[in-house]
1. Of the residues 87, 70, which single one is in contact with a helix residue (DSSP H, G or I) (Cβ under 9 Å, 6 or more places away or on another chain) and modelled with pLDDT under 85?
2. When you scan the range 46-57, do you find a residue that is modelled with pLDDT under 75, touching a strand residue (DSSP E or B) at 6+ places or on another chain (Cβ under 8 Å) and surrounded by fewer than 13 Cβ atoms within 10 Å (Cβ to Cβ), even just one?
3. Could you check residue 75 against (1) modelled with pLDDT of 75 or more; (2) surrounded by 10 or more Cβ atoms within 10 Å (Cβ to Cβ) and say which number it fails?
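The values are calculated or read from the model by the stated rules, or taken from the named source; none is laboratory data. The model shown is predicted, which means the values in this text are computed figures rather than measured ones. Every residue, glycine among them, receives a Cβ derived from its backbone with ideal geometry; neighbour counts consider all protein chains shown.
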Amino acid sequence: MKRATRLGLVVRNVTELVDVPRVRLAEIHPLSRERAQHLLEVAAASGKSARWSSLCNVDRELVFCTELGRPLIRGNVYRGFLRLLARAELPQVRFHDLRHTCATLLLSMHVNPKVV
C-alpha cells in the first residue's frame, strides 16, 4: 500500500475521491401567535381532543391514547393534524414545528430560556 501511494496509484485521502453528499436541511416554520391561537380554537371546536392518562390503559403508563385505551399510531396522529390545519385554513407545517412554535411564543413572553 505504501508503494502504491508513493507511485501515485492510491490517493492518501480517500475523501478526495468521493463527492460530499449535500444534505438538505428542513426549514423550521413556527406558527405566529395568532395562527397558533386559531389552531387551538379550531381543535377545541372539533370536539376531538387527546385522551389523557386517566382514560388510558394504566398498565402501559400512556400519556395519550386512542378512545379504546391503546397507544396512538404516529401516522394517524399526523393525518389528524393535517386535517386540523386544513380546517383552520393554515399552511401545512411539520408536526415537529409545533415544538418550535411553542418555544417562539414562550420566548416572546419573556420566559427564561432555561425553562423553555
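1. On the way: 87 fails: modelled with pLDDT under 85.
Of the residues listed, the single one that is in contact with a helix residue (DSSP H, G or I) (Cβ under 9 Å, 6 or more places away or on another chain) and modelled with pLDDT under 85 is 70.
2. No - not one qualifying residue is present in the range 46-57.
3. The one condition residue 75 does not meet is (2).
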